[in-house]
Amino acid sequence: MKRSILLHPDPRLKKLAKPVADLSDDLRLLADDMLRTMYEAPGIGLAAPQVGVLDRVIVLDCVKEEGEKPRPLVMFNPRILASSDEENTYEEGCLSLPDLYADVTRPKVVDVEWMDRDGNAQSETFDGLWATCVQHEIDHLDGKLFIDYLKPLKRQMMTRKMVKLKRELARG
């Protein structure tokens, strides 16, 4: 089932998500719903707080090339173990801030560990866009948005645009 994506500003997007203790069928269903929601949006990553669930769950798939096989990843309790000193700057966007983009600088390479949908421990080194995406989604679990990396004036401008958009959507 496709889920509704919360739009900034929403207080739930600023809350700390709680670790997943045990994998349940409900959590697996949440992950499936999040993948469906992410693909339909369309986006390359989605965190559970963005759909109003304060659990440490993210999904991502940064395969963008036409004809290339998708690589959906579901991560429960993802954690960055190490980050490179070398940095990358990407123009980031967010499904909770539609049509707003800004350059954000993050570590170019990160080592991440997580639990997969079968409860198995996984770890992988991510580079480039994958590294940016996984860091962006883990930030969501910590109540942080990509605009939090911006200068105050730009962040306020984007927040005002979102308040206006939410007002327009509420009017129908």
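Quick note: the coordinates plus some simple rules give every number you see, no bench work behind them. Keep in mind that this is a model prediction, so the values were computed, not measured. Note that we place each Cβ from the backbone using ideal geometry, even for glycine, and neighbour counts take in every protein chain shown.
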Here the longest stretch of the chain that holds no GluC sites (Glu not before Pro) in a DSSP loop having at most 14 other beta carbon atoms within 10 Å is 87-172
Taking springs between alpha-carbon atoms closer than 10 angstrom, which of LEU73, LEU145, LEU81 fluctuates most in the Gaussian network model of the chain?
-> LEU81
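Output the DSSP H helices from the chain with an along-axis C-alpha extent of no less than 18 Å and a mean Kyte-Doolittle hydropathy no less than 0.0. Walk me through the numbers on the way to the answer.
Values: long enough: 25-40 (22 Å, -0.48); 128-141 (20 Å, 0.12); 152-171 (29 Å, -0.99).
Helices meeting the criterion: 128-141.
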Residue of ASN88, ASN77, ASN120 that the Gaussian network model of the chain assigns the largest fluctuation, springs spanning Cα pairs under 10 Å | ASN120
Subtract the Cα-Cα distance of THR125 and GLU65 from 0.36 nm times their separation in residues, and report this length gain in nm to one decimal.
-> 19.5 nm
What nm distance separates the two modelled labels at TYR101 and ASP148, each placed 7 Å from Cα along Cα→Cβ?
-> 2.4 nm
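Under a Cβ-only charge scheme (Lys and Arg +1, Asp and Glu -1), can you give me the dipole magnitude of the chain about the Cα centre, in debye to the nearest 20? Intermediate results must be reported in sequence, preceding the final value.
Values: 26 positive and 30 negative charges, 250 e Å.
In total the dipole reaches around 1200 debye.
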Starting from the Cα of LEU54, step 7 Å along the direction of its Cβ; do the same at ASP111; then give the gap between the two resulting points in nm.
-> 3.2 nm
Ranked by GNM mean-square fluctuation in the chain (Cα springs under 10 Å), the top entry among ASP61, ASP22, ASP116 is ASP22
If amide H atoms are built 1.01 Å from N in the plane of the peptide, which residues on other chains or at least 5 residues away come under 5 Å of the amide H of LEU100?
-> CYS94
Using the beta-carbon distance between ARG167 and LEU6 and R0 = 22 Å, what value does 1/(1 + (r/R0)^6) give for FRET efficiency, to the nearest 0.05?
-> 0.90
Just check the chain against the gyration tensor rule for me: Cα atoms, a ≥ b ≥ c as the square roots of the eigenvalues, rounded for a/c under 1.5, and otherwise prolate or oblate depending on whether a/b exceeds b/c.
-> oblate
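Suppose only helical runs count, i.e. DSSP H with n ≥ 4. What mean residue ellipticity at 222 nm does that imply for the chain under -39500 (n - 2.57) per run, divided by all residues and rounded to the nearest 500 deg cm²/dmol? It would help to have the intermediate numbers written out before the result.
Working: 3 runs with 50 residues, N = 172.
Taking each H run of at least 4 residues, the total per residue is -9500 deg cm²/dmol.
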Classify segment 1-48 as rounded, prolate or oblate from the Cα gyration tensor: take a ≥ b ≥ c as the square roots of its eigenvalues, call it rounded if a/c is under 1.5, otherwise prolate when a/b beats b/c and oblate if not.
-> oblate
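Assuming a ≥ b ≥ c are the square roots of the Cα gyration tensor eigenvalues, decide whether segment 82-172 counts as rounded (a/c under 1.5), prolate (otherwise, with a/b larger than b/c) or oblate. Don't skip to the answer; put the middle values down first.
Values: a/c = 3.09, a/b = 1.65, b/c = 1.87.
Cα axes put segment 82-172 in the oblate bin.
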